[in-house]
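Some notes on the structure that comes next.
The values are calculated or read from the model by the stated rules, or taken from the named source; none is laboratory data. What you see is a predicted model; the values in this text were computed from it and never measured. Please note: Cβ atoms are built from the backbone with ideal geometry, for glycine as well, and neighbour counts cover all protein chains shown.
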Amino acid sequence: MNRPRATAAAAQRTFAAALVDPDAALPPGIAAPTGADLARRFAVHRNNVLSGLVEALGQRFPAVAAIVGDPFFAAAATEYARILPPLHPVLADFGDRFPEFLAAFPPAAGVPYLADVARIEVARTRLFHGADALAPEPVPAAAGAVMRVVPAADVAIVRSRYPVVTIWEMNAGLRPPAAIADWSPEWAMLLRRQERVPVLRVGPAAAALVQASRRRRSLAAAFAAALAAEPGCDPVAALTTLIEAGAVAVDAPFQPGRNQ
Amino acid sequence: MPLPIQPTAAGVAFKPEHGADALADPRPCGFLEVHAENYMGAGGPPHALLERLAERYPLSVHGVGLSLAGPDRLSRSHLARLSAVCRRYAPALVSEHLAWSGIAGAHLADLLPTPYTRPMLRRVADRVDAVQQALGRAILIENPASYVAWETSRIDEAEFLSELARRSGCGLLLDVNNLHVSAVNLGLAPGPYLDRLDPARVGEIHLAGHAATQDERGHPLLLDTHGAPVDAAVWRLYRAALDRFGPVPTLLERDRDVPPWAELRREVDRAAGMLEDAARRRLGRAA
C-alpha cells in the first residue's frame with residue numbers, strides 16, 4: 001500500500017467532512033501565508049459548498065422558496081444539503097428527496113402543503129431535462145385487436161390533499177397571490193410540451209387512466225379503473241381530455257395498417 | 001459540422017438567459033463555453049437551445065465534476081456522461097480542473113485544493129490519461145483559484161501543471177483570474193508562474209471577475225466570484241500572458257450579477273482586440 005497516498009486521501013476526507021459539518025474543527029494539514037486568517041480561508045470553501053448547493057435547490061424549487069421566504073428556504077436547504085448532499089455532479093436531480101425532507105422538517109409543520117408543491121417542482125425539472133421522445137414501444141407478446149390506452153408522453157401525477165396547483169400557480173408567478181376560499185384537494189398532471197412543462201389539474205379518473213396507460217391496459221380495463229377511482233365520472237370525457245393534452249393515446253396494435 | 005475555435009477567438013461562458021440574444025447577434029463572438037454537467041440530461045429545452053447555438057458558434061465543453069485530484073476512484077459513470085456530451089456536440093475544446101470536488105457519496109460542488117506531491121502528480125496524470133482515452137482526444141486542465149495550501153505540497157503549481165501536461169499529453173487552460181486570486185491569497189509571483197508554463201501547451205485562457213476583501217487580520221483575501229467585470233490587474237496579467245503565449249482562445253466567465261448580452265460582449269470584444277494585437281505583434285516579430 002502506498003502510504004503517502006493513503007495519508008493524502010485520509011487528509012482529503014477529513015477536509016471534506018469539515019466542509020459540511022458546522023461544528024467541525026479546522027482540518028489538519030492546511031496552511032495560509034503568515035499573517036492570514038486560516039479559519040477565514042477555510043470558511044471560503046465551506047461557504048462555496050453550502051451556498052452552491054442551496055442555490056442549486058433554489059433554482060429547482062422556486063415556488064417552495066416563494067412560499068416560505070428566502071431565509072427559511074436557505075435554512076431548510078442547508079440542512080438538506082448537509083444530510084443528503086448530491087451523490088454526483090449533475091445538480092439537475094439534486095433535491096429529489098427534498099419533498100420528503102420538507103414533509104418531516106419540524107419548522108415547516110405549519111405549511112402542510114409545502115411538500116406537495118415541492119413534488120410538483122421535482123416532477124417539473126425531471127420532465128424539463130427528460131428524453132425528447134418516449135422509448136420505442138415494446139412489441140407485445142400476443143397479437144390481438146384489443147384497443148389499449150398507451151402513454152403519449154412522459155407524464156407525472158402529483159396527488160395532494162390541498163389545492164396544490166392553485167398554490168403552485170400563485171407562487172410560480174402564474175396568477176396573483178390571493179386568499180384561497182376553496183381548499184378542495186387538487187391533483188396535478190405534468191408533461192413536457194415542446195419547451196414548456198405545463199402543470200394541469202386532473203381528477204382521480206384521469207390519474208387512473210394515466211396509470212392504466214403505463215400498464216398498457218385495454219380500453220375496457222382503463223375505463224373500469226377510472227370509474228373505480230372516481231365513481232360517477234365520465235371516463236370517455238376524461239380520456240378525451242388526456243388525449244387532447246397529449247398525455248395518452250389509444251392504440252389497437254395489430255389492426256391492419258397500424259404500427260407497420 | 002462542428003465549428004473550430006481560432007487562436008484569436010474571444011468567447012463567453014454561455015448562460016441560458018442569453019440564448020435569444022446569442023442566436024440573434026449579427027456579429028457572433030468567437031465561441032461559447034458550457035459546463036458539461038448542465039447538459040447531462042437526456043433531452044429537453046437545454047439541448048434544443050445548445051444544438052441551435054452550435055450551428056452558429058464553435059463550442060467548448062468545460063467539466064466541473066470529474067474530481068481528478070479526489071481521494072476516490074475516477075467515476076466511470078460520470079466519465080460516461082461526459083463522453084456522451086462530447087459525442088453529441090463534438091466540441092472544439094474540452095477542459096477540466098486541477099481540483100477535487102468531494103468524496104464518494106457526497107459531491108460538494110466546489111473546486112477543492114490539491115496537495116502538490118509526487119504521488120498526487122502520478123495519480124492525476126493517470127486519471128487525465130484515462131479521461132483522454134475514454135474521450136479519444138486531448139483535454140485541457142485548468143489552474144485553480146486557491147485560498148489555502150496543503151502543508152504536504154512539495155511542487156509549485158506551475159511545475160505540477162507543466163509536468164502533468166508532459167506526462168499525460170494534456171493541454172493547459174490558464175485561468176488568469178484564478179492565477180491572480182491565488183497569487184494574492186497565497187503570496188505567489190504570477191510572472192515566474194507564466195514563465196514556467198510551456199507556451200505550446202496553453203490551449204485556452206479564462207478571464208473573470210473577483211471580489212476583493214480582507215480577512216479579520218487585515219490580510220487581503222480575493223474571492224473568485226465570477227460576479228464582476230474583469231479587474232484591471234487581471235487585464236494586465238492577461239496582456240503579460242499573451243506576450244508570452246501569443247494569441248490563445250480566450251473566454252469570459254460571468255456567473256453572478258450576469259449583465260445583458262451586449263454588456264458582456266463589450267468585455268469579450270476588449271479581449272478580442274488584445275488577441276488581435278497579440279497576433280500582430282507575433283507577425284511583426286516573425287517578419
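At-a-glance table
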{"read-out": "The one condition in (1) farther than 16 Å from A:Ala65 by Cα; (2) free of Cβ contacts under 8 Å to residues at least 40 places away in the same chain; (3) in the same structural domain as A:Ala212 (by TED's automatic domain parsing); (4) not in a loop (DSSP other than H, G, I, E, B) that A:Glu169 fails to fulfil", "value": "(1)"}
{"read-out": "B:Asp224 being charged (D, E, K, R) and within 27 Å of A:Leu38 (Cα to Cα)", "value": "yes"}
{"read-out": "Criterion violated by B:Leu93 - all others in (1) closer than 22 Å to B:Gly171 by Cα; (2) in contact with a helix residue (DSSP H, G or I) (Cβ under 7 Å, 6 or more places away or on another chain); (3) more than 12 Å from chain A (Cβ to nearest Cβ) satisfied", "value": "(2)"}
{"read-out": "Residue, nearest to B:Pro26 (Cα to Cα), within region B:66-80, restricted to residues that are surrounded by fewer than 24 Cβ atoms within 10 Å (Cβ to Cβ) and touching a Pro at 6+ places or on another chain (Cβ under 9 Å)", "value": "B:His78"}
{"read-out": "Breaking point among (1) surrounded by fewer than 24 Cβ atoms within 10 Å (Cβ to Cβ); (2) more than 11 Å from chain A (Cβ to nearest Cβ); (3) outside any loop (DSSP other than H, G, I, E, B), for B:Val124", "value": "(1)"}
{"read-out": "Flag for A:Ala8 being facing chain B (nearest Cβ under 9 Å), among the small types (Gly, Ala, Ser), in a helix (DSSP H, G or I) and crowded, with 20+ Cβ neighbours inside 10 Å", "value": "yes"}
{"read-out": "Options B:Gly171, B:Gly191, B:Gly218, B:Gly187: the member that is closer than 16 Å to B:Pro249 by Cβ and either surrounded by fewer than 22 Cβ atoms within 10 Å (Cβ to Cβ) or in contact (Cβ under 8 Å) with a residue 12 or more places away in the chain (or both)", "value": "B:Gly171"}
{"read-out": "Unique match (being more than 15 Å from the chain's Cα centre (by Cα) and in a helix (DSSP H, G or I)) among B:Arg56, B:Arg87, B:Arg27", "value": "B:Arg87"}
{"read-out": "Region B:169-194, residues that are over 18 Å from the mean Cα position of the chain (by Cα) and either modelled with pLDDT of 95 or more or farther than 25 Å from A:Gly29 by Cβ (or both)", "value": "B:Val184, B:Asn185, B:Leu186, B:Ala189, B:Gly191, B:Pro192"}
{"read-out": "Residue among B:Leu23, B:Leu49, B:Leu59 that alone is in contact with a strand residue (DSSP E or B) (Cβ under 7 Å, 6 or more places away or on another chain) and at pLDDT 95 or above", "value": "B:Leu59"}
{"read-out": "Residue match in region A:230-253 (condition: hydroxyl-bearing (Ser, Thr, Tyr) and either assigned to a loop (DSSP other than H, G, I, E, B) or touching a residue at least 60 places away in the same chain (Cβ under 8 Å) (or both))", "value": "no"}
{"read-out": "Single residue of region B:221-259 satisfying the filter (within 14 Å of chain A (Cβ to nearest Cβ) and outside any loop (DSSP other than H, G, I, E, B)) that is surrounded by the fewest Cβ atoms within 10 Å (Cβ to Cβ)", "value": "B:Leu223"}
{"read-out": "Those helices (runs of 4 or more DSSP H) lying entirely in region A:55-149 with at least 1 residues within 14 Å of chain B (Cβ to nearest Cβ) and touching a residue at least 12 places away in the same chain (Cβ under 8 Å)", "value": "A:70-83, A:114-128"}
